[in-house]
Each structure stands twice: as structure tokens, then as C-alpha cells.
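Undergrad: The structure that follows is given in the form of C-alpha cells.
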Amino acid sequence: MSEDLRDTVLSAIEDSLDAQLRAVRRLRKGQNPEGEVVRRRGLSQVDMAYDILRKARTPLHINDLLERIRSGFGIAVDRESLVSSLTKKVARGDRFLRTKPNTFGLRPEVR
């Protein structure tokens, strides 16, 4: 094998390994290859809110809920979207209740 061909093959392998290493680092940081944040465990925002409220064992203001979702799951959830989703669940009597303005908790039978 000529020296030029050898260098070309090794450079291609090195470039490929560098790209793989960058991809692994992005995944480790919780990002997909396009740079978007990956949701842990495939939970919806409502499921994440439920998990946080169940662990808290007390109603939480939406700001606290959003912060705990961000710190616990590593993603930022849109405030208006979460409030809308939780409000619909409250209206249906599905797991959640509203204890004060912008404060949500779990129905007693769910805890």
C-alpha cells in the first residue's frame, strides 16, 4: 500500500471516529443529532408534572413546577402549554386539581 493511500484511509477513519465521538457527546448531554433536547423516558409534559407533584406531595405554583421539570428532566416546558393541559385535566377530573390561581396539585384519590 502506498504511503498516500495509507494516509488517506487513516484520515477517513479518523474523521469518522471524530464524528462518532461528537455524536456520543451530544447524546450524553441530552441532545439528538439536530441539537434538540431529548425527553427522558418518553414522558409527556403532563406525565412529568404528575411525577413532580407526586414526589412533592403538595400543590405547586406553575413556576415551581416548571423549574422542577427543568431541573429533574433537563427540558424546558412551555408555561402556557402546560397550564392549558393541566387546566383541561382539572376540568375532566383527571388526576389534577387547582388549589389556587396557577397552583396545581393531585386529586386525593390519586396520591
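Undergrad: In deg cm²/dmol and to the nearest 500, what is the mean residue ellipticity at 222 nm of the chain if only DSSP H runs of at least 4 residues count, each as -39500 (n - 2.57), divided by the residue total?
TA: Working: 4 runs with 64 residues, N = 111.
Result for the chain, helices only: -19000 deg cm²/dmol.
Undergrad: Provide the gained length on full extension for the span Thr103 to Arg22, in nm with one decimal, where the gain is 0.36 nm per separating residue minus the Cα-Cα distance.
TA: Going from the current span to full extension adds 25.0 nm.
Undergrad: State the extension gain, in nm to one decimal, for the chain segment bounded by Leu43 and Glu80, taking 0.36 nm per residue of separation less the distance between their alpha-carbons.
TA: Gain in length upon complete extension: 11.5 nm.
Undergrad: Would you mind classifying the stretch 43-89 by shape? Square roots of the alpha carbon gyration tensor eigenvalues, ordered a ≥ b ≥ c; an a/c under 1.5 is rounded, otherwise it is prolate if a/b is larger than b/c and oblate if not.
TA: Working: a/c = 1.39, a/b = 1.09, b/c = 1.27.
It comes out rounded by the Cα gyration axes.
Undergrad: If you count only protein heavy atoms with a 1.4 Å probe, what accessible area per residue comes out for the chain, rounded to a whole Å²?
TA: Ligands and nucleic acids excluded, the figure is 69 Å² per residue.
Undergrad: Let me ask something else. I need the GluC sites (Glu not before Pro) found in the stretch 67-111, filtered to DSSP loop residues with at most 12 other beta carbons within 10 Å of theirs.
TA: Glu109
Undergrad: What net charge is computed for the residues neighbouring Thr8, neighbours being all others with C-beta under 12 Å from the C-beta of Thr8, Lys and Arg scored +1, Asp and Glu -1?
TA: Spelling it out: positives minus negatives among the neighbours equals -4.
Undergrad: Nothing charged except the Cβ atoms of Lys and Arg (+1) and of Asp and Glu (-1): what's the magnitude of the dipole of the chain about its Cα centre? Round to the nearest 20 debye.
TA: 1300 debye
The values are calculated or read from the model by the stated rules, or taken from the named source; none is laboratory data. Not measured: the values here are computed from a predicted model. Neighbour counts run over all protein chains shown; Cβ positions are idealised from the backbone, glycine included. Calculation scope for accessible area: heavy atoms of the full protein, side chains included, ligands and nucleic acids excluded. Shrake-Rupley method; radii C 1.70, N 1.55, O 1.52, S 1.80 Å.
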